[in-house]
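A.B. asks: The structure is given below, and queries will be raised subsequently.
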Amino acid sequence: MYEILKNLIPKAFIKRNEPMIRQLLSLFYMGNRFQCSVCEFKMSKFITLKTNDKLCPKCGSLARTRRLYEFIVPKAKNVKILHFSPSKSIKKRLGSLKNVTYITTDYAGEFEAMKRLNIEAIDEPDNQYDIIICYHVLEHIENDLRAMQELYRITKSGGVCIIQTPFKEGDIYEDTSLKSEAERLIHFGQKDHVRIYSIEGLMRRLSTTGFNPTENNYKESINNRHGFKTLETIIVAKKPS
């Protein structure tokens with residue numbers, strides 16, 4: 001039903017009336033078997049997208065968003081956070097946390113944000129942030145090494161950059177000769193991606209900038225209560241004290 005409505009209703013209408021639409025849509029999913037960890041809505045089931053991702057009907061969170069929220073909340077105490085390209089669902093919740101300075105940014109204008117920072121040349125002073133959230137961003141960036149250097153520069157000593165991208169086995173796959181959207185869709189899985197990282201390759205690249213990256217892996221049952229991915233990795237890149 002969700003996919004049908006999404007295709008039938010004009011995008012402009014959905015954007016203008018999203019809170020009301022989600023409120024009505026959630027009525028069809030009320031129950032107790034599952035629960036969104038972001039908005040805490042209890043439901044009979046998540047909406048399954050064509051990608052097999054699990055969408056919360058109430059707030060629109062995806063599986064990776066719910067995992068990120070669970071991961072970051074215990075760390076979000078008396079800290080300054082910079083969040084690149086935040087989704088509405090998690091932005092609202094993180095922005096409401098007490099004793100947290102929460103700054104959002106989106107360069108392409110696809111997400112509502114407070115700032116418009118170019119990740120390859122971040123207009124921020126050195127050593128500014130305790131936590132930087134860089135989720136599904138680096139695979140879009142041409143000069144990712146420069147972006148990592150900038151992230152390192154603005155992270156406080158002892159601070160962390162929380163990173164996730166799509167991952168593959170083996171080495172990083174990138175080819176700068178692939179410029180068209182059609183080519184990038186075929187080779188990288190999305191028309192605006194410029195590479196596919198491996199976990200090991202991304203960690204090596206982060207290490208060259210001075211970060212100490214660690215790998216955090218999660219394994220869940222298929223029908224886990226919060227609709228997390230069955231297998232998921234978050235990389236935490238720490239700036240040495």
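The values are calculated or read from the model by the stated rules, or taken from the named source; none is laboratory data. Because the structure is predicted, anything quoted here is derived from the model rather than measured. Note that each Cβ is placed from the backbone with ideal geometry, even for glycine, and that neighbours are counted across all protein chains shown. These area figures cover heavy atoms from the full protein model, side chains too; ligands, DNA and RNA do not enter into them. Shrake-Rupley method; radii C 1.70, N 1.55, O 1.52, S 1.80 Å.
A.B. asks: Return the carbon/sulfur percentage of the accessible area of the chain, one whole number, probe 1.4 Å, all protein chains in place.
C.D. replies: Roughly 52 percent of what the probe reaches on the chain is carbon or sulfur.
A.B. asks: Once the piece of chain linking Ser157 and Asp192 is laid out straight, how much longer is it, given 0.36 nm per residue of separation minus the C-alpha distance between them?
C.D. replies: Here the answer is 9.3 nm.
A.B. asks: Greater than 28 Å separation of Cα atoms is the criterion. Which listed pairs, Lys50/Lys75; Lys75/Lys191; Lys42/Lys156; Lys50/Lys92; Lys91/Lys179, meet it?
C.D. replies: Where the Cα-Cα span goes over 28 Å, the pairs concerned are Lys50/Lys75; Lys75/Lys191; Lys42/Lys156; Lys91/Lys179.
A.B. asks: Continuing with the same structure: When a/c is below 1.5 the answer is rounded, else prolate if a/b is larger than b/c, else oblate, so apply that to the range 92-239 with a ≥ b ≥ c taken from the square roots of the Cα gyration tensor eigenvalues.
C.D. replies: Judged from the Cα gyration tensor, the range 92-239 comes out rounded (a/c under 1.5).
A.B. asks: Separate question: Tilt of helix 63-72 relative to the longest C-alpha principal axis of the chain, in degrees (0 to 90, nearest 10)?
C.D. replies: In the chain, helix 63-72 runs at an angle near 60 degrees to the longest axis.
A.B. asks: What nm distance separates the two modelled labels at Glu181 and Glu124, each placed 7 Å from Cα along Cα→Cβ?
C.D. replies: 3.0
A.B. asks: Once you keep just the Cα pairs under 8 angstrom separated by 6 or more residues, what percentage relative contact order results for the chain?
C.D. replies: 15
A.B. asks: Points 7 angstrom from Cα along the Cβ direction at Lys219 and Met30: gap in nanometres?
C.D. replies: 3.9
A.B. asks: Taking 30 Å as R0, compute the FRET efficiency from the Cβ-Cβ separation of Ile199 and Thr48 and round it to 0.05.
C.D. replies: Efficiency, rounded to the nearest 0.05: 0.70.
A.B. asks: Going by amide H atoms built from the backbone, whose H comes under 5 Å of the H on Ser198, apart from near neighbours?
C.D. replies: For Ser198, whose amide H was placed from the backbone, the distant partners under 5 Å are Lys168, Ile172, Tyr173.
A.B. asks: Something else: Just to confirm, what accessible area per residue do you get for the chain at 1.4 Å probe, in whole Å²?
C.D. replies: 54
A.B. asks: Sorted by mean Cβ packing within 10 Å, highest first, what order do the peptides 230-239, 185-194 take?
C.D. replies: The densest-packed peptide leads the list: 230-239, 185-194.
A.B. asks: Given the range 48-196, what percent of its DSSP beta bridges are antiparallel, to the nearest 5?
C.D. replies: The antiparallel fraction comes to roughly 20 percent.
A.B. asks: Under a point-charge model restricted to the Cβ atoms of Lys and Arg (+1) and Asp and Glu (-1), what is the dipole moment magnitude of the chain relative to its Cα centre, in debye to the nearest 20?
C.D. replies: In debye, rounded to 20, the chain gives about 1240.
A.B. asks: Using +1 on the beta carbon of Lys and Arg, -1 on that of Asp and Glu, and nothing else charged, what's the dipole of the range 117-198 about the Cα centre, debye to 20?
C.D. replies: 100
A.B. asks: Of Met43, Ile196, Leu151, which is farthest on the positive side of the dipole of the chain, counting Cα position, with +1 on Lys and Arg Cβ, -1 on Asp and Glu Cβ, and the Cα centre as origin?
C.D. replies: Projecting each Cα onto the dipole axis, the largest value belongs to Met43.
A.B. asks: Sum -39500 (n - 2.57) across every DSSP H segment of at least 4 residues in the chain, then divide by the residue count to get the 222 nm mean residue ellipticity, nearest 500.
C.D. replies: -8000 deg cm²/dmol
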